[in-house]
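The values are calculated or read from the model by the stated rules, or taken from the named source; none is laboratory data. Since the model is a prediction, treat every value here as computed from it, not as a measurement. All Cβ positions, even for glycine, are placed from backbone atoms using ideal geometry, and neighbour counts span all protein chains on display.
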Amino acid sequence: MEKFTTLTGVAAPLPLINVDTDMIIPKQFLKTIKRSGLGKNLFDEMRYLEDGSENPDFVLNKPAYRNAEILIAGENFGCGSSREHAPWALLDFGIRCIIAPSFADIFYNNCFKNGILPIVLPQEQVDELMREAEKGENARMTVDLENQEITTSEGKTFRFEIDSFKKHCLLEGLDDIALTMARIDSIAEYERKMALERPWV
Amino acid sequence: MTAPKTLYDKIWDAHLVEESEDGTSLIYIDRHLVHEVTSPQAFEGLRMAGRKVRAPEKTIAVPDHNVPTTPDREKGIENEESRIQVEALDRNAREFGIHYYPVNDIRQGIVHIVGPEQGWTLPGMTVVCGDSHTATHGAFGALAHGIGTSEVEHVLATQTLIQKKSKNMKVEITGRLQPGVTAKDVTLAIIGATGTAGGTGHVIEYCGDVIRDLSMEGRMTVCNMAIEGGARAGLIAPDEKTFEYIKGRPHAPKGAQWEAAMAWWQTLFTDEDAEFDKVVTLKGEDIAPVVTWGTSPEDVLPITAEVPDPESFEGGKVDAARRALEYMGLKPGQKLTDIEIDTVFIGSCTNGRIEDLRAAAEILKGKKIKEGIRAMVVPGSGLVRAQAEEEGLAQIFIDAGFEWRLAGCSMCLAMNPDQLSPGERCAATSNRNFEGRQGKGGRTHLMSPAMAAAAAITGRLTDVRELM
């Protein structure tokens, strides 16, 4: 997993609530057996017209936001399915950070497994960043994970909270499985105990 | 004396392998269910790292999302990408030595129907699957939730998950349900009341007389949609109905093990005075047969209502409702019962069990669906299908004009050829009415199997009570 330390980039505004995983990556693109290559179908139904051409009105098709690395969105972002194809598609497009008033649990968790930082801020602050993002490509933002701060191009800062373990894993680019494999003796001990206590499991 | 615990607290504590100071915990997983869409990358990860499946005997795989449901599916899957995914699951199951129900096995079906049916799902267990509707298994008093593919790989390799404990939420449904009101109406009404993010960060325990009175099938329908209310998991304390359902199933404990299991299962309830972080109470009598009008499962109204005016909402919901009405092709003030449909879909992990088919058949018996309506029943498993044939339900559906399909997820998420066309309007017993969920441009109204059957007869959204 790629480390997340500090990111400076263009933020794209997506002022919709309840952006669901079917919107982020429709099911016809879940038929892959790989993790890569999903970026071209990110937000597919909003991003392309019937004839397959780009919808010029969709934010990520506008010249200012084509290289956006940050997404600002409404509440309950990522609701719906557990498909990790949603963060894979965002990452493949180049999005490394999403800022919203709230996220759906499974999606939120999936982001951290892929080096994406989801940031929860109060609605008023998200509204302020949304207005900032609407200024286009000159409105770049800096996200500093170590110091838990977002700084706008005008120098205004917003502090955010994050779970300390998740922060540590992102900063170091740690692989969960390797971490847990180091605890394998505890797992084996639990299994021995359970074989006696709940043998039917 | 120890502090009173909720059911969730008890199951959590029983699966805690390790806990660090900040509360980050290693939780042991008793059952890992696997399907073809969210697992190939996980198995590939194992292979690349030279790792094995730690507990293949606790890992159960079945293809469901992609499989065709037409009677000719023995001939194979036409869509190449779908076929590759199912073949990958075949190969991974064999290579890693996990339990497997292949496409043409009578026990094949939707993973959340197969698990309980085969007795894999038991009270007090932790159950995970790379699928958000894993919450279904909570009906047995099992802590069950969906995970992403990275976590699928983590569970395959270590049989554990790294987690922090969620908060406790109680949803109590008091009293009794009115005639024509089912488990699906209950679960939709709850989401209508709490919103799609109402349960975020929480594990819900459903309780109250209405929940006690529900069958195991009905309880599965309620828990299935916990995720649509934002909660990763929904739980119902096990009782005699639960034990009765489990007893004798192929993988249920037997003999002395059954007795030992029962002794523990009977301790699985929320202690008196245990505290919940959030409590929601609904009266069973207040719940009507409901349908959804928009593109979020929280867009729920009684069938007797009218399409709402977006301006009647607040905040971001105003724009969301406006967008939803445009997508759905509806106007504020339109009576829900005036909305004409093109298609009816009965099935899914929400409503693809035998009781659901019985409820729909009861309404359809001796009747025909409206001319021009496309209607299909997709049983949740090969065994549900066989039982429905034995009970004569299949014939009722066929005589009414329904297509009688083979088991799979089908038009719930339309990854197989069962899809809506742009603008096509569907009365569906599934769980999500998101834009494009059942096919690009498709319009979904969620409802109970009985309501879907009623809609098939009249060709419009219908109050099932008028046909009872």
Review point. Inside the range B:200-237, can you point out the residues that are over 14 Å from the mean Cα position of the chain (by Cα), part of a loop (DSSP other than H, G, I, E, B) and within 14 Å of chain A (Cβ to nearest Cβ)?
Key: B:Thr200, B:Gly201
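Among what's in the range B:2-29 and is outside any strand (DSSP E or B) and within 28 Å of A:Arg35 (Cβ to Cβ), pick the residue that is nearest to the other protein chains (Cβ to nearest Cβ).
B:Thr24
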Review point. Filtering the range B:67-76 down to residues that are away from chain A (no Cβ under 14 Å), out of contact with any Ser or Thr (no Cβ under 6 Å at 6 or more places or on another chain) and touching a residue at least 40 places away in the same chain (Cβ under 8 Å), which residue is surrounded by the most Cβ atoms within 10 Å (Cβ to Cβ)?
Key: B:Arg73
Exercise for review: Run B:Asp64 past the list (1) facing chain A (nearest Cβ under 10 Å); (2) part of a loop (DSSP other than H, G, I, E, B); (3) within 27 Å of B:Glu403 (Cα to Cα) and report the number of the one that doesn't hold.
Suggested key: (1)
Exercise for review: Pull up the range B:238-285, narrow it to residues that are aromatic (Phe, Trp, Tyr) and within 12 Å of chain A (Cβ to nearest Cβ), then point me to the one that is nearest to A:Asn18 (Cα to Cα).
Suggested key: B:Trp265
Point to revise | Residue pairs meeting the criteria (Cβ under 6 Å; at least 6 apart or on separate chains; first more than 8 Å from chain B (Cβ to nearest Cβ), in the range A:101-115; second assigned to a loop (DSSP other than H, G, I, E, B) and among the aromatic types (Phe, Trp, Tyr)) | key: A:Gly115/A:Phe4
**Study point:** Residue list for the range A:1-41, filter: away from chain B (no Cβ under 11 Å) and basic (Lys, Arg)
**Key:** A:Lys3, A:Lys40
Review point. Got a sec? Which of B:Arg437, B:Arg405 is more than 22 Å from B:Thr38 (Cα to Cα) and touching a helix residue (DSSP H, G or I) at 6+ places or on another chain (Cβ under 9 Å)?
Key: B:Arg405
Point to revise | Residue under evaluation A:Tyr48, criteria (1) at the interface with chain B (Cβ under 9 Å from one of its Cβ atoms); (2) out of contact with any Gly (no Cβ under 7 Å at 6 or more places or on another chain); (3) closer than 26 Å to B:Pro422 by Cα, criterion not met | key: (1)
Exercise for review: Look through A:Leu16, A:Leu90, A:Leu71 and report the one residue that is closer than 24 Å to B:Arg432 by Cβ, at pLDDT 95 or above and in a loop (DSSP other than H, G, I, E, B).
Suggested key: A:Leu16
Check your understanding: Restricting attention to the range B:77-122, which residues are part of a loop (DSSP other than H, G, I, E, B), within 11 Å of another protein chain (Cβ to nearest Cβ) and under 24 Å from the mean Cα position of the chain (by Cα)?
Key -> B:Gly119, B:Trp120, B:Leu122
Exercise for review: Report those strands (runs of 3 or more DSSP E) wholly inside the range A:106-152 carrying at least 2 residues which are over 15 Å from the mean Cα position of the chain (by Cα).
Suggested key: A:140-144, A:149-151
Practice item. Mind telling me which of the residues B:Glu57, B:Glu36 ends up being assigned to a loop (DSSP other than H, G, I, E, B), in contact (Cβ under 8 Å) with a residue 12 or more places away in the chain and within 13 Å of another protein chain (Cβ to nearest Cβ)? Key: B:Glu36
Study note, to complete from the structure: Those residues of the range B:230-269 that are under 30 Å from B:Gly294 (Cα atoms) and either in contact (Cβ under 8 Å) with a residue 60 or more places away in the chain or among the polar types (S, T, N, Q) (or both) come to a total of 6
Revision key, fill the gap. Within the range A:85-120, the count of residues that are acidic (Asp, Glu) and crowded, with 22+ Cβ neighbours inside 10 Å comes to 1
Check your understanding: Of these, B:Gly372, B:Gly315, which one is at pLDDT 95 or above and either out of contact with any Lys or Arg (no Cβ under 9 Å at 6 or more places or on another chain) or within 14 Å of another protein chain (Cβ to nearest Cβ) (or both)?
Key -> B:Gly372
Exercise for review: Quick one: in the range B:157-199, of everything that is within 17 Å of the chain's Cα centre (by Cα) and assigned to a loop (DSSP other than H, G, I, E, B), which residue is nearest to the other protein chains (Cβ to nearest Cβ)?
Suggested key: B:Thr196
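Of these, B:Arg425, B:Arg405, B:Arg460, which one is of a type in the set (D, E, K, R), away from chain A (no Cβ under 14 Å), surrounded by 19 or more Cβ atoms within 10 Å (Cβ to Cβ) and over 21 Å from B:Asn66 (Cα atoms)?
It is B:Arg425.
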Review point. What single numbered condition from (1) crowded, with 17+ Cβ neighbours inside 10 Å; (2) at pLDDT below 95 fails to hold for B:Ile303?
Key: (2)
Practice item. Could you list, in sequence order, all residues of the range A:51-60 that are part of a loop (DSSP other than H, G, I, E, B) and either facing chain B (nearest Cβ under 8 Å) or out of contact with any Leu (no Cβ under 6 Å at 6 or more places or on another chain) (or both)? Key: A:Asp51, A:Gly52, A:Ser53, A:Pro56, A:Asp57, A:Phe58
Exercise for review: Among the residues of the range B:328-361, count how many are buried (at least 16 other Cβ atoms within 10 Å of the Cβ), at negative phi and part of a helix (DSSP H, G or I).
Suggested key: 14
Check your understanding: Taking the range B:428-457, which residues are in a loop (DSSP other than H, G, I, E, B), within 14 Å of another protein chain (Cβ to nearest Cβ) and not aromatic (Phe, Trp, Tyr)?
Key -> B:Ser430, B:Asn431, B:Arg432, B:Asn433, B:Glu435, B:Gly436, B:Arg437, B:Gln438, B:Gly439, B:Lys440, B:Gly441, B:Gly442
Study note, to complete from the structure: Note on B:Ala231: of the conditions (1) closer than 22 Å to B:Glu117 by Cβ; (2) buried (at least 23 other Cβ atoms within 10 Å of the Cβ), unmet is (1)
Check your understanding: Which of the residues spanning the range B:367-395 are within 22 Å of B:Thr458 (Cβ to Cβ) and assigned to a loop (DSSP other than H, G, I, E, B)?
Key -> B:Lys367, B:Lys368, B:Ile369, B:Lys370, B:Glu371, B:Gly372, B:Ile373
Check your understanding: Which residue out of A:Asp163, A:Asp176 is in contact with an Asp or Glu (Cβ under 9 Å, 6 or more places away or on another chain) and buried (at least 16 other Cβ atoms within 10 Å of the Cβ)?
Key -> A:Asp176
Review point. Hey, does the range A:61-78 have a residue that's more than 12 Å from chain B (Cβ to nearest Cβ), small (Gly, Ala, Ser) and either free of Cβ contacts under 8 Å to residues at least 24 places away in the same chain or in contact with a strand residue (DSSP E or B) (Cβ under 8 Å, 6 or more places away or on another chain) (or both)?
Key: yes
